[in-house]
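Note sheet for the following structure.
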Amino acid sequence: MKKFICLLMVLGAACRLSAQSAPAAAVVFNEEDLITKIFGKDKEAVLSDLLQLSPMEEKAFESAFNEYEDEKRPWLAERIALLNMYNEEFASLDERKMNSLTRQIINNDLEFGRLQMRYFRRMNKLLGATRAAKFFQLDNYLEQSTRVYLQNQLPFIKELESDRKVFTPDDKPFSSR
């Protein structure tokens, strides 16, 4: 687990360093590259290892998974478009536009939650509660990793983190000293 956290910190630091040397640019993201960086294998291999599907389950799961990923793509594209708009217009956003953009991002999150709930019911029927929960835990982990990656490219976050201390696994930020 410590290695995992360290890897995420290194990825975040690398993103910040590369982003700080460039002016506000479009947010670019490739989920498969991120998954491979984190796990050392593609998403299908990670899911196969995690879920231990029988050959019969594999076919039904693959169909449901592909449909889920197809429905998730427009959501992710909208999220990236909203973040790009924020990134490109950051210096000139007025209150009205910031309000609108923030509402759109929150609505985007709500839509994703509804999508996950629909597919959780379906995965629960296909895999049972435990493996469906594992699937969505992994999906949520990947989603959160994606958000961290994308957030590190935003100007406001860059400003906040410019003089932030990066914790190492040996640091204990919540212990009483």
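The values are calculated or read from the model by the stated rules, or taken from the named source; none is laboratory data. Quick caveat: nothing in here was measured; it's all calculated off a predicted structure. Please note: Cβ atoms are built from the backbone with ideal geometry, for glycine as well, and neighbour counts cover all protein chains shown. Ligands, DNA and RNA are excluded from the accessible area calculation, which covers all protein heavy atoms including side chains. Shrake-Rupley method; radii C 1.70, N 1.55, O 1.52, S 1.80 Å.
Here are the numbers for the structure shown:
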{"item": "Net charge contributed by nearby residues that have their C-beta within less than 14 Å of I106 (K/R +1, D/E -1)", "result": "+1"}
{"item": "Length gained when the stretch R103-S54 is fully extended (0.36 nm per residue, less Cα-Cα span)", "result": "13.4 nm"}
{"item": "Above-threshold pairs, the threshold being 25 Å between Cα atoms, out of K43/K97; K59/K134; K43/K125; K59/K125", "result": "K43/K97"}
{"item": "Rotationally averaged projected area of the range 39-117 (alpha carbon convex hull; nm²)", "result": "6.9"}
{"item": "By accessible area with a 1.4 Å probe, ligands and nucleic acids excluded, highest first: order of K97, K37", "result": "K37, K97"}
{"item": "For the range 92-103, 3J(HN,Hα) per residue [Karplus equation, 6.51 cos²θ - 1.76 cosθ + 1.60, θ = phi - 60°, Hz, x = Gly/Pro]", "result": "10, 6, 8, 4, 4, 5, 5, 4, 4, 5, 5, 4"}
{"item": "Label point distance in nm, R73-E44, each placed 7 Å from Cα along Cα→Cβ", "result": "1.5"}
